[in-house]
Amino acid sequence: MINFNVPPYAEKAMGYIQECVKNQKICGDGPYTKKCSEWIERKTGTAKCLLTTSCTHATELAALLLPDIGPGDEVIMPAYTFVSTADAFVLRGAVPVFVDIRPDTMNMDEKLIEEAVTERTKAIVPVHYAGVACEMDTIMDIAARHRLAVVEDAAQGIMATYKGKALGTIGDFGCFSFHETKNYSMGEGGALLIRDGRNVEEAEIIREKGTNRSKYYRGQIDKYTWINYGSSYLPSDMNAAYLYAQLEIAEEINDARLAIWKRYCDNLRILAQAGRIELPVVPEGCVHNGHMFYIKTKDIEERTALIDYLKKNEIHAVFHYVPLHTAPAGLKFGRFHGEDRYTTKESERLLRLPMYYGLELEQVDYICGKLREFYR
Ligand SMILES: *Cc1c(COP(=O)(O)O)cnc(C)c1O
């Protein structure tokens, strides 16, 4: 069976984890957490990176940092996304206002955002689907004119850029995921990227149960105390050790994923040219990270038949995102602004093919051969 995903692993991880255990440094904010955060700060150029227990928690932390977001406030986001994008704001009592996506990138259509803005709107949450950037210039311009915060859901976007800027560093806050299905992993984990240094102290306090323990650890104060509301968003240093081994070979992992992505494209171009399937689109100015390889079939029936066909040939292909506005919680907490022209229709045609660090190019050729066979 060719799996859909295999969690990324770098050789040195085992030694690093043993070091944590031997040195009895297993709680949060240890040496490996520091190494990971500093690596991300260097690589992306963000003012501050805080490692978190998940991207979901990074987004929650961002929501807690936005000035007085509360019941009845609105947050604009796509409905074609993972539930966490909405959850973080629903927990604050805010209403997710969903706008339609662009069919080419599956990202929120930047041209539909402004008309969804009301006097209750507090933030825009672009999701960089498949590590391909949203149209951030337009989004940042709308945000500036209406004084809205921007929280980038860059769960899939580490190592990708928009006009030379790292995803996650353009909005006020950016959120990465290190779940095992992402390009770099710590099992469960994530990171909050903070653009403006002035937000760092409050973020550290909320992440550490509302205390100023981070300052205490750095020796800046001699005891710590309860300062604000907060929660516990810091991961164990063992998880960070697992991640750090991958960050050390980040370019190698990224290159391998891009080679797989390109091999799929080269192999499937003939089917796309014949109008049988559609291939992903990467707009000018966007450099992606090979997070995902998907195709689009004619419709949901064809997709179901193709998944079955691939399964019979030992290939595991999957689809995702029941659009949030059609899910029970989406109906309860959110609303869709405007017309659902593409969100539902395109989500029903999208199929993700196996993609992971370690997938062999010969396996990609085999998968593509089976796809061509299906369409013969
Ligand atoms: C994976 C993912 C998340 C959630 O990440 P976790 O680290 O599992 O919390 C959020 N948003 C998007 C778009 C994702 O792909």
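Just so it is clear, none of the values below were taken in a lab; they were calculated from the coordinates. Everything numeric here is computed off the predicted structure, so don't read it as measured data. Counting neighbours? That spans all protein chains shown, and the Cβs are built from the backbone with ideal geometry, glycine included.
Observations
- For the chain, the dipole from Cβ point charges (+1 on Lys and Arg, -1 on Asp and Glu) about the Cα centre works out to 420 debye, to the nearest 20.
- Note on N3 and E202: the extension gain reaches 67.4 nm, defined as 0.36 nm multiplied by sequence separation minus the Cα-Cα distance.
- At an R0 of 41 angstrom, the distance between the Cβ atoms of I26 and W226 translates into a FRET efficiency of 0.95.
- Every pair of different Cα atoms in the chain enters the Kirkwood calculation, which places the hydrodynamic radius at 21.4 Å.
- Additional length obtainable on full extension of the chain from E339 to V281, 0.36 nm per residue less Cα span: 18.6 nm
- Here is the tail figure for segment 47-96: Cα pairs spaced more than 17 Å apart come to 33 percent of all pairs.
- Spacing of the two label points (7 Å from each Cα toward its C-beta) at W39 and D266, in nm: 2.9
- DSSP bridge analysis restricted to the chain gives an antiparallel fraction near 60%, rounded to the nearest 5.
- Y366 paired with K111, simple spin-label distance in nm, labels 7 Å along Cα-to-beta-carbon: 4.4
- Listed residue (V364, A327, F293) projecting farthest to the positive dipole end of segment 284-374, Cβ model: A327
- Distance between segment 8-45 and segment 224-287 - C-alpha centres, whole angstrom: 19
- Degrees between helix 237-248 axis and first principal axis of the chain (Cα, 0 to 90, nearest 10): 50
- Annotation for E119 and K298: the two label points, set 7 Å from Cα along the Cα-Cβ direction, are 5.2 nm apart.
- Cα-based Lys pair tally, segment 276-376, threshold under 13 Å, eight or more apart or on separate chains: 4
- Of all lysines in the structure, the ones whose alpha carbon falls short of 23 Å from that of K209, not counting any fewer than 8 places away in one chain, are K25, K34, K35, K48, K223.
- Across all Cα atoms of segment 246-363, the radius of gyration (one decimal) and Dmax (whole number) stand at 16.6, 47 Å.
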